1. For a quick check of your reading of the model, give me the residue pairs whose first member lies in region 201-213 and is at negative phi and without any contact (Cβ under 8 Å) to a residue 12 or more places away in the chain, whose second is assigned to a helix (DSSP H, G or I) and exposed (fewer than 15 other Cβ atoms within 10 Å of the Cβ), with beta-carbon atoms closer than 9 Å and at least 6 apart or on different chains.
2. Residue 108 - would you say it is out of contact with any strand residue (DSSP E or B) (no Cβ under 6 Å at 6 or more places or on another chain), over 21 Å from residue 264 (Cα atoms), touching a residue at least 40 places away in the same chain (Cβ under 8 Å) and surrounded by fewer than 19 Cβ atoms within 10 Å (Cβ to Cβ)?
3. Is it true that some residue in region 65-78 is at pLDDT below 95, surrounded by fewer than 16 Cβ atoms within 10 Å (Cβ to Cβ) and assigned to a helix (DSSP H, G or I)?
4. What number of residues in region 42-64 are part of a loop (DSSP other than H, G, I, E, B) and within 23 Å of residue 264 (Cα to Cα)?
5. For the structure I just gave you, tell me whether residue 273 is surrounded by 12 or more Cβ atoms within 10 Å (Cβ to Cβ), out of contact with any helix residue (DSSP H, G or I) (no Cβ under 8 Å at 6 or more places or on another chain) and farther than 19 Å from residue 186 by Cβ.
């Protein structure tokens, strides 16, 4: 059983300084910032405040969060708000889950060229789904979907792939009717795989021709066009993995899935088992053996290296909307879909004024940050704030 409270931050705080010193030349500015933020998250380094119950006098210290999207502790409220926004957009149709994966040769290029290749992954996936869905031989409709980038496997190695959540149908070319896919079947995965492979490799070669790809260490020779072409040759003949999982049972299951996948980082704190003697143990699913739960033990330095493989370029959007769900005209398109489906209009309501974070937390999670955790009767009231790098003026009394 994993020790209560063990977090990625505990590992980073203990070995982070030594890791930065040993790998100074290899760490990017983004990786350094992620390390720093995770180490400082919810500590006095970021400041905070003291709250006191107005009934029993119980006090608690609340340190500020780093809000870094790679921090396992800083995603709950963002995820809850995002899910609430998406709930208002769900249509009363079957939803499908389609995954697009690149082969290992391409994954190696992607790691050294994250922004460029991850963008290609999104664009090739979008073109593939929309092209095949628009073909009258398959669906013959304009579709929309959400694409979510994951760069990790259960063992934390680099494994870039896109999870796509797609409504099972779309708008006809004349815009006058909703075309549903066959029950339980969206689009043929073999057709998707071949078009995806062709589009991705075309765009990758174009990026190379524009000088947008850079290669280092074991891939340095790929700067030569002939070497690059030879390196990609096997990928043009192998089958690229595209698979469609079983359709969701309904809108509620779509939200449950999105809640698990959208704002995840490489590993969550609840998968950690032990951190002792310079080694980290964590649980993982071995999908090659019927998703059996196993425990992996890594040297702490290797654990940190694998975690940092998944730091995204600054400002990179890992959740994107396409087709009917594209940000530019999502509201109008969804309203048109509801009309074609004879479905009621969205009942989403926006708050009249910005909510305090405690009110937002309660509205989104159903849990209260205001109620006193000790007596359950009073309300926690802020009585002191302290700046980053400082401590409260006095330690709060210990309440039995």
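1. 209/225
2. yes
3. yes
4. 3
5. In short, yes.
Here is a yes/no grid of residues against (1) in a helix (DSSP H, G or I); (2) over 30 Å from residue 338 (Cα atoms); (3) modelled with pLDDT of 95 or more:
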{"residue": "170", "(1), (2), (3)": "no, no, yes"}
{"residue": "176", "(1), (2), (3)": "no, no, yes"}
{"residue": "179", "(1), (2), (3)": "no, no, yes"}
{"residue": "195", "(1), (2), (3)": "yes, yes, yes"}
{"residue": "218", "(1), (2), (3)": "yes, yes, no"}
{"residue": "221", "(1), (2), (3)": "yes, yes, yes"}
{"residue": "226", "(1), (2), (3)": "yes, yes, yes"}
{"residue": "275", "(1), (2), (3)": "no, yes, yes"}
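Per-residue answers, yes or no, for (1) closer than 17 Å to residue 57 by Cα; (2) at pLDDT 75 or above; (3) in a helix (DSSP H, G or I); (4) touching a helix residue (DSSP H, G or I) at 6+ places or on another chain (Cβ under 9 Å):
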{"residue": "359", "(1), (2), (3), (4)": "no, yes, yes, no"}
{"residue": "364", "(1), (2), (3), (4)": "no, no, yes, yes"}
{"residue": "375", "(1), (2), (3), (4)": "yes, yes, no, no"}
{"residue": "381", "(1), (2), (3), (4)": "yes, yes, no, no"}
{"residue": "388", "(1), (2), (3), (4)": "no, yes, no, yes"}
{"residue": "392", "(1), (2), (3), (4)": "yes, yes, no, yes"}
{"residue": "395", "(1), (2), (3), (4)": "yes, no, no, no"}
{"residue": "398", "(1), (2), (3), (4)": "yes, no, no, no"}
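The rows are residues; the columns are (1) surrounded by fewer than 16 Cβ atoms within 10 Å (Cβ to Cβ); (2) free of Cβ contacts under 8 Å to residues at least 60 places away in the same chain; (3) closer than 30 Å to residue 308 by Cα.
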| position | (1), (2), (3) |
| --- | --- |
| 148 | no, no, yes |
| 154 | no, no, yes |
| 162 | no, no, yes |
| 168 | no, no, no |
| 173 | yes, yes, no |
| 177 | yes, no, no |
| 186 | no, no, no |
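The values are calculated or read from the model by the stated rules, or taken from the named source; none is laboratory data. All values derive from a computational prediction rather than experimental measurement. Virtual Cβ from ideal backbone geometry, glycine too; neighbours counted across all protein chains shown.
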